[in-house]
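Before any comments, here is the structure.
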Amino acid sequence: MSLENFDKEIFDLTNKELKRQCDYLEMIASENFTYPEVMEVMGSILTNKYAEGYPNKRYYGGCEFVDEIEQIAINRCKKLFSCEFANVQPNSGSQANQGVYGALLKPGDKILGMDLSHGGHLTHGAKVSSSGKYYESFFYGVELDGRINYDKVYEIAQIVKPKMIICGASAYTREIDFAKFREIADSVKAYLFADVAHIAGLVVADEHNSPFPHCHIVSSTTHKTLRGPRGGIIMTNDEDIAKKINSSIFPGIQGGPLMHVIAAKAVGFKYNLSPEWKIYAKQVKANAKKLGEILMSRNFDLVSGGTDNHLVLLNLLNKDYSGKDASNALENAGITTNKNTVPGEIRSPFITSGVRIGSPALTARGMKEAEFEFIANKIADVLDDINNTSLQEKVKDEVKNLASKFIIYNQAMY
Ligand code: DSN
């Protein structure tokens, strides 16, 4: 029986979401459109198989084919990041990070990460996350110019003496200097852990410097700039750390690996390893740069004054509306973004004075600088007249028209 016949409710909602993804301009910096082949294997019979353990070391029978699948995913992941060991089992980026901590830290150990309100991530020690509950977390941030001051990070590290320094961010617009972070980590004999979830697609295309060989351990998600299925991965060059990671993920925090997702990761990695990937990653950066340039020419401030990567952060501190107001107005105009805190923030994290806008998903649809120039001008038009709902309706139509020229999925696929 088809999904349509068996469960019309879910079928219809999935179709509505498909239409939303196709008609709107998806500009949430952490989202992307994955490939049909990735979705095909993710929806396959591989979901039926239990395979607790690792290739050739399982606790269940019948694993000969999923062993091969997981080994292919591991091999491709290692090739992609030019590293020695990879664990492709984490169900998400958060679980990958939890696995990293479990492998190398004891409860109560000190960790030093980037402040969530400065662009870091919940799992980098925020007090509301298990990373901030089980470990004693300390933070570095960005200066008012939106950049990490590595001298300050060094000073904080000397005072805190953390067991682990975490680099990587969810809303940072400049290149991260992994070599400098390693110098700081070495000065206090800390592990250096990079969470490259946001920039991984750029890293593997040499469009951002690599965390290897500088970091002891690296985690990522596979669904952001990498365009694969939702999931996490952990990499290292250290055999001893690799063994600890494996036991920290299974049996430490996870049971049976999601073999359908691991297969989908392998398929995504095959795309990432293709020559076309470099073209995509370059375009992601070029599009974000164009977006930033046009917004600045329209008198908007950008945190750090521009971007080196896939996102821009609008700084609305000098405007009389908040990040929440702005993202709501853009949503009404068919442009999906998210509100975000900015350096020197004066509003709560639920309101904020910034908007994070990313280029990966629209680049996946084939949009280039010309389209990003058009979109940036539409964003500026909407925000400059933020209470004008008829303008928002008009822009929504224009956006839908633009989106219809960049087909990402066959709208009859469900
Ligand atoms: N939720 C992701 C982001 O939007 O950056 C991070 O996990």
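Considering only protein heavy atoms and a 1.4 Å probe, what is the carbon-and-sulfur percentage of the accessible area of the chain? Don't skip to the answer; put the middle values down first.
Working: 9270 of 17800 Å².
Answer for the chain: carbon and sulfur cover 52 percent of the accessible area.
When only DSSP loop residues count, what trypsin sites (Lys or Arg not before Pro) in region 135-186 have their Cβ near at most 16 other Cβ atoms within 10 Å?
Values: sites: Arg147, Lys152, Lys163, Arg174, Lys180, Arg182; in loops: Arg147, Lys163, Arg174.
Qualifying residues, ordered by number: Arg147.
Taking θ = phi - 60°, what integer Hz values does the Karplus form 6.51 cos²θ - 1.76 cosθ + 1.60 yield along region 179-184, in sequence order, with x for Gly and Pro?
5, 5, 4, 5, 4, 5
Quick check on my link table: of Lys289/Lys394; Lys8/Lys49; Lys19/Lys282; Lys339/Lys396; Lys285/Lys394, which ones sit more than 23 Å apart, alpha carbon to alpha carbon?
Working: Lys289/Lys394 26 Å; Lys8/Lys49 27 Å; Lys19/Lys282 28 Å; Lys339/Lys396 19 Å; Lys285/Lys394 29 Å.
Checking Cα-Cα distances, Lys289/Lys394; Lys8/Lys49; Lys19/Lys282; Lys285/Lys394 exceed 23 Å.
If you plug each phi of region 259-268 into the Karplus form 6.51 cos²θ - 1.76 cosθ + 1.60 with θ = phi - 60°, what whole-Hz ³J(HN,Hα) values come out, in order, with x for Gly and Pro?
5, 5, 7, 5, 4, 5, 4, 4, 5, x
Binning every alpha carbon pair distance of region 146-272 at 10 Å from zero, what are the percents per bin?
With 10 Å bins starting at 0, P(r) equals 12, 38, 35, 13, 1.
If one computes P(r) from the Cα atoms of the chain, what percent of pairs lie at distances over 41 Å?
Working: 12573 of 85491 pairs.
Above the 41 Å cut-off, the chain has 15 percent of its Cα pairs.
Can you say what percent of the DSSP beta bridges in the chain, counting only those with both residues inside, are antiparallel? Round to 5. Present the calculation step by step, with values, prior to reporting the outcome.
Working: 20 of 36 bridges.
Bridges in the chain are about 55 percent antiparallel.
Apply the Karplus parameterisation 6.51 cos²θ - 1.76 cosθ + 1.60, with θ equal to phi minus 60°, to every residue of region 137-142 and state each ³J(HN,Hα) to the nearest whole Hz, in sequence, with x for glycine and proline.
So the J values, rounded to whole Hz, are 9, 10, 9, 10, x, 10.
With only Lys, Arg, Asp and Glu charged, each at its Cβ (+1 for the first two, -1 for the last two), find how big the charge dipole of the chain is about the Cα centre; round to the nearest 20 debye.
Numbers: 47 positive and 50 negative charges, 106 e Å.
In debye, rounded to 20, the chain gives about 520.
What residues qualify as long-range amide H neighbours of Leu302, i.e. H under 5 Å apart, gap of 5 or more or another chain, H built at 1.01 Å from N?
Asn315
Quick one, what does Rg over Rh come out to for region 303-397 if you take C-alpha atoms and the Kirkwood Rh?
Values: Rg = 13.1 Å, Rh = 13.7 Å.
Here the Rg-to-Rh quotient is 0.96.
Please work out the Kirkwood hydrodynamic radius for region 80-213, using every pair of different C-alpha atoms, and report it in angstroms with one decimal place.
Working: mean 1/r = 0.0668 Å⁻¹.
After inverting the mean inverse Cα-Cα distance, the result is 15.0 Å.
Restricting to DSSP loop positions (anything but H, G, I, E, B) with no more than 15 other Cβ atoms inside 10 Å of their own Cβ, which chymotrypsin sites (Phe, Trp or Tyr not before Pro) remain in region 338-386?
Details: sites: Phe350, Phe372, Phe374; in loops: Phe350.
Here the chymotrypsin sites (Phe, Trp or Tyr not before Pro) that fit, given the DSSP loop and packing criteria, are Phe350.
Between beta-carbons, use under 12 Å as the cut-off and find the net charge around Leu122, counting Lys and Arg +1, Asp and Glu -1. Spell out each step's value before the answer.
Working: positive: Lys127, Lys133; negative: Asp115, Asp195.
Summing Lys and Arg as +1 and Asp and Glu as -1 gives 0.
May I ask you to list the lysines whose Cα is less than 28 Å away from that of Lys110, ignoring any residue fewer than eight positions away on the same chain?
Within reach: Lys127, Lys133, Lys152, Lys161, Lys163, Lys180, Lys189, Lys243, Lys244.
From the P(r) of region 40-132, could you give the percentage of C-alpha pairs in the tail past 17 Å?
Working: 2704 of 4278 pairs.
Counting pairs separated by more than 17 Å, the tail of P(r) holds 63 percent.
Testing the spin-label approximation: label points 7 Å from Cα along Cα→Cβ at Ser348 and Ser404. State their distance in nm.
4.1
How much accessible area per residue does region 220-332 have, in Å², with a 1.4 Å probe?
Numbers: 4120 Å² over 113 residues.
Roughly 36 Å² per residue, with all protein chains present.
Relative to 2.2 N^0.38 Å, what does the C-alpha radius of gyration of region 204-341 come to as a ratio? Two decimals please.
Numbers: Rg = 19.2 Å, N = 138, 2.2 N^0.38 = 14.3 Å.
Taking the Cα Rg and dividing by 2.2 N^0.38 Å, one obtains 1.34.
The values are calculated or read from the model by the stated rules, or taken from the named source; none is laboratory data. All figures in this text were calculated on a predicted structure; none of them were measured in a lab. Reconstructed Cβ throughout: ideal geometry from the backbone, glycine too, with neighbour counts over all protein chains shown. To get the accessible areas, we keep the full protein, side chains included, count just its heavy atoms, and leave off ligands, DNA and RNA. Shrake-Rupley method; radii C 1.70, N 1.55, O 1.52, S 1.80 Å.
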